[in-house]
Amino acid sequence: MDVWIEPEADAVARLAADFVQDAVGAGEITLGLATGSTPVATYRELIRRHREEGLSFDRVHVVLLDEYVGIAPDHPQSYRRFIRDTFTNAVGIAPDRVHGPAGDAVDLAAAGADYEALLQRLPPRALQLLGIGRDGHIGFNEPTSSLASRTRVKTLHPDTRADNARFFADSESVPVHALTMGIGTILEARRLVLLATGDTKAAAVAAAVEGPVSASVPASALQLHPAAMVVIDEAAAGGLAHRAYHAEVAAHRPAWQRPGAGA
Ligand code: GLP
């Protein structure tokens, strides 16, 4: 795994935006996007580059990691609505190019299979952005999710529901289930960029980066990917045993590994 430790959250957003910019410059591609609070600063930076620097998203299709079950695409708390309101509308990505699992489907198993089929039909997923839950989840793959899993229904951990209650009227309104890309699905993107900021994520980041690969820490599956980047601030890096080594790597990073080098 390639660990990038930045001084603070704004620098994480700028670096993540650099990686996204590299991906969208590579022709007709699919961008895997994440919801949650962490990537919002990255989306803001990309919107700024779109408006001020002409960064174009004309050849980009978007796929989301997950969606709450029972929530229609226009529901204020739906992830499809969130990404349109937070990012895609502002950079001119048409709604029909923005896809997410159909959490409002009657047949959720079929909806999972349909999403997998869609991912096969779309242009290559050049980059998948990821956040991380405090319990190490990615997408909504909670601890004990199969490392080979595909898009399917998962039951949310009570801690995850509590964390996400801030987006809903109260914790009772947070859905119990979600339809999420599986870990196997996530690992098929060409490049993975996991973002984490703040000390509440430090333990999960340490377990994902330095712990054993385990279904108990879904984000540890990134260790199996040949091009996984972990972009974090100092606070989120606070639990890393190899902190000094990561600084050594950063100090001697070859130019071709940096964004903008055509990686
Ligand atoms: C939700 C999402 C995840 C996200 C996580 C962390 O559970 N399904 O994709 O990574 O929240 O969110 P935040 O960035 O707000 O901490």
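Computed from the coordinates by the stated procedures, all read-outs in this text should not be read as laboratory data. Note that the structure is predicted; figures quoted are calculated from it, not measured. Backbone-built Cβ (ideal geometry, glycine too); neighbour counts: all protein chains shown.
Here are the numbers:
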quantity	calculated
GNM top mover of Glu142, Glu53, Glu45 - the chain, alpha-carbon springs below 10 Å	Glu53
Helix-only [θ]222 nm of the chain, DSSP H runs n ≥ 4, -39500 (n - 2.57) each, per residue, nearest 500	-9000 deg cm²/dmol
Which of Leu129, Val106, Ala72, positive extreme of dipole for segment 64-156 (C-beta unit charges)	Leu129
Summed residue charge, Cβ within 9 Å of Val12's Cβ, Lys/Arg positive, Asp/Glu negative	-3
Chymotrypsin sites (Phe, Trp or Tyr not before Pro) restricted to DSSP loop in segment 168-263 with at most 16 other C-beta within 10 Å	Phe168
Environment charge at Ala237 (Cβ cut-off 10 Å; Lys +1, Arg +1, Asp -1, Glu -1)	-2
Selected from Asp18, Asp199, Asp159 as most flexible by GNM, with the chain as the system and alpha-carbon contacts under 10 Å	Asp159
Of Gly136, Gly182, Gly198, the one that fluctuates the most in a GNM where the chain has Cα springs shorter than 10 Å	Gly198
Summed side-chain charge close to Arg59 - residues other than Arg59 whose Cβ falls under 11 Å, Lys, Arg +1, Asp, Glu -1	-1
